[in-house]
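Data first, discussion second: the structure below is written as structure tokens.
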Amino acid sequence: MASPEEINADMLAFWNGQGGRTWVTRQKHTDTTLASVTEALLAFAAPRTSELVLDVGCGCGGPTLELARVVGISSRIAALDISGPMLVEGMERAKAEGISNIDWLEADPATTELDNYDLLISAFGTMFFGDPVSAFANIRRAANSGARMALVCWRSLAENPWIEVPMNAVARHLPPRPKPAPHAPGIVCLRRCGACH
Amino acid sequence: MERVTEVLTKSGWTPPLFKKLDLDLDIAAGRGLEEAVIQSTQIGVVNSWLRNQPGEIVSTAIASLRDALSPYVDGNSVRLPGAMWLISSEPA
């Protein structure tokens, strides 16, 4: 199994390379597909005006911008991602809308010293940490007294036909792949394993 | 859920609360079956699987993908179920 450092290095390369650029190209489509998820996450997080918000793994900023629209200019949002191309996209979208209370930060929330926050949100942004305990401990250190966390992540593959149907259709044409290592980061919940089913 | 609880409690958070979120997701974003096929091959696991495969295999795999998504076409939408956890916690 790859070490946490190797996993993090792979993530950095992917999200700053072709992977990140593809997600930028597909941003509008992806935001549309996930619009109802964003709406549910923000209702669940119940952000308040004047709060300091940390958005982990903000990507191209779909939920971040919606959050900024909801809480208004009295709040400050720190939007973190390791993908430079996706942050630039988020920044440009914010500028086009005249939204100025978001700080777009190219940083790894697992290791960066973070500013204090009242509300932590993340839409599928916590599932690729190489060492999730260390990452969440680092994020915890910047939490203000009374801070809240609100995350959304995928349940099992079997419960997600939108992921599984394309995977099964394609898989039968490809050579068998090695099974993912236990505890390896993956798209399903914090990792790809039975414990999250 | 057990793994998430373990990760969060070990890193200084209270045991999390889990709330199920089930939504049908329009993977075509209202733009028809071909857009759903393009999106599915460019974003996510399928993209990584098809990368560096011979063109013939990619074409066959995409044709199968199109067939597999066809039953879910609803006008210009292609809706498939998505299942998520909404997770809340606080500093312990």
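Quick note: the coordinates plus some simple rules give every number you see, no bench work behind them. Just so it is clear, the model here is predicted, and its values are computed rather than measured. Cβ placement follows ideal geometry from the backbone for every residue including glycine, while neighbour counts extend to all protein chains displayed.
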Neighbour net charge for residue A:102 - beta-carbon separation under 9 angstrom, K R +1, D E -1
-1
Using only the Cα atoms, what convex hull volume per residue in Å³ does the stretch A:1-106 have?
110
Dimensions (Å) - chain B, Cα atoms, principal axes, largest first
53, 33, 17
Under the definition of Cα pairs under 8 Å and six or more residues apart, what whole-number percent is the relative contact order of the stretch B:29-86?
50
12 Å beta-carbon shell around residue A:71, net charge (K/R +1, D/E -1):
-1
As an exercise, use a Förster radius of 45 Å and the Cβ-Cβ distance of residue A:115 and residue A:158 to find the FRET efficiency, rounded to the nearest 0.05.
0.70
In order over the stretch B:35-41: 3J(HN,Hα) from phi, Karplus 6.51/-1.76/1.60, θ = phi - 60°, whole Hz, x for each Gly or Pro, gives 5, 5, 5, 4, 4, 5, 8
Computed for the protein assembly as shown: size of charge dipole around the Cα centre, +1 on C-beta of each Lys and Arg, -1 on C-beta of each Asp and Glu, debye to nearest 20, value 420
If only Cα atoms are counted, what is the Rg of the protein assembly as shown, and what is its Dmax, in Å?
18.5, 57
Cα-based helix-to-principal-axis angle, B:55-69 vs chain B, degrees rounded to 10
70
Centroid-to-centroid separation of the stretch A:28-61 and the stretch B:64-92 [C-alpha atoms, Å]
17
Around residue A:112: net Lys/Arg minus Asp/Glu count, Cβ-Cβ under 12 Å
-4
